[in-house]
Each structure stands twice: as C-alpha cells, then as structure tokens.
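Asker: I have a structure I would like to understand better, so I am pasting it below and will then ask my questions one at a time.
The values are calculated or read from the model by the stated rules, or taken from the named source; none is laboratory data. Quantities reported herein were computed from a predicted structural model and do not represent experimental measurements. FYI the Cβ positions are ideal-geometry reconstructions off the backbone, even for glycines, and counts take in every protein chain you see. Accessible surface is based on the protein model in full, side chains and every heavy atom, while ligands, DNA and RNA are left aside. Shrake-Rupley method; radii C 1.70, N 1.55, O 1.52, S 1.80 Å.
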Amino acid sequence: MVELSGVLGVALVALGMVLTPGPNMIYLVSRSITQGRRAGVVSLGGVAAGFLVYLLAANLGLSVVFLAVPELYVAVKLAGAGYLAYLAWNALRPGGVSAFAPEELPHDSSRKLFTMGLMTNLLNPKIAIMYLSLIPQFISLEAGNVLLQGFLLGSVQIAVALTVNLGIVLAAGAIAVFLARRPSWLRAQRYLMGTALGLLAVSVATDTSAPAASS
C-alpha cells in the first residue's frame, strides 16, 4: 500500500516541475497557438505516452542500467542540461521569443504531432531525473510491493502533469492574445521563463545524486 505522505510528496514534486517552463510546455503551447487546441491535445497525447514509457522503464530496471554504467547516467544528465541551457538562451538572447508569442509553424498531421510530443517528452531531462531519482525516494520498503508502489506513484505524477498541461493547452490561445496586447508583460514572461530554464540547467548539471535502484 502506498503511504499518503508518498502520494502527496510525488504530487507536489510533479506540480512544481510541470509549472516550471520546459520542453513539454514550450512544445504544447506553440502547437496550441499555431494549430489550435485540437493539435495541442493530440500533442499532449504523445507527451502522455512518453510518461508511460518512463514509468515502465524506471520500474522495470532502467535505473539498474544507470547504476551499472554511471558514465551513461552522467552523459544523459549533461545532455539534458545542455538542452535546457539552449532553451534558456533562446528565450533570453536579444530578439528571443516567448513561448506564448505567435510564431509561424507548419501544420502537421495528427500522427506527426503525437510523435513529436512523445519525443519531446522522452528527451526531457526533467522527466528522466524525476523517474530515476526523485520518485524512488517516496517508496517505502515497509509498505509492501515496491514495484506496485512505483507504478502507483508514477501514475500520480502522470495525472498531475496531464491535468496541468491540459489546462495550459486550452488556455494557451487566450494567454497569447492577452500578452500580445501587453508587450512589456510578454518580455517579462520571456525573461522569467529563460531564467527558470537556466537555473534548472545549472541544477541538473551540478546535481551529484545517483539514480536509485528499483527493486
């Protein structure tokens, strides 16, 4: 049985991470603004599939691979940090754009939208770190089946992330219009997003914790 403290802990971690601008949010917002809410929802379906891949991989022993080859874990973490730093630079550099700024993008098919959402999530370092390092910390050996706890806690994270992201998808258009009428707010949003991404990149790059082994 999963302890209530574990459920609440994972829910808070998931909420904090989904509210921090990252690859998933940027992709979902851009698609929702340029191609409509339906495209955003289809893209979110791909993101959801990415969560399920991580949930299965983490609980079925991916962390054991990283424990056996720690250099691989470091390489993945640094690659993710580099990607976050790149996103931060794009937001903060002169002439950078906000995730909520309308931008011309090709109208892709539902299949491509789903696939891009999946790949964006699979390459998202925040999600990798959460499943490999953070969620296992809320598993209690005294509470019973560790594998079942891992799946249940991962399901809590997915529920929180999808709920918040769905709200973002549905509201992206209205937010974009609101900010477009207030250029100073749009710039402030861009700087806040870039700063948050930059800090996250530093945090990921300097984190010295190792992945927890699943049992």
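Asker: Multiply the residue gap between ALA159 and VAL146 by 0.36 nm, knock off their C-alpha separation, and tell me the result in nm, one decimal place.
Answerer: Between ALA159 and VAL146, full extension yields 2.7 nm more.
Asker: How do GLU71, GLU142 rank by accessible surface area computed with a 1.4 Å probe, from largest to smallest? Before the final figure, lay out each step's value.
Answerer: Values: GLU71 130, GLU142 160 Å².
Ranked from most to least accessible, the order is GLU142, GLU71.
Asker: How much of THR195 can a 1.4 Å solvent probe reach, expressed as accessible area in Å² and rounded to 10?
Answerer: 70 Å²
Asker: If you don't mind, there's one more thing I want to ask. Counting other Cβ atoms within 10 Å, keep those with at most 12, restrict to DSSP loop, and tell me which trypsin sites (Lys or Arg not before Pro) in region 1-50 are left.
Answerer: Sparse-neighbourhood loop trypsin sites (Lys or Arg not before Pro): none present.
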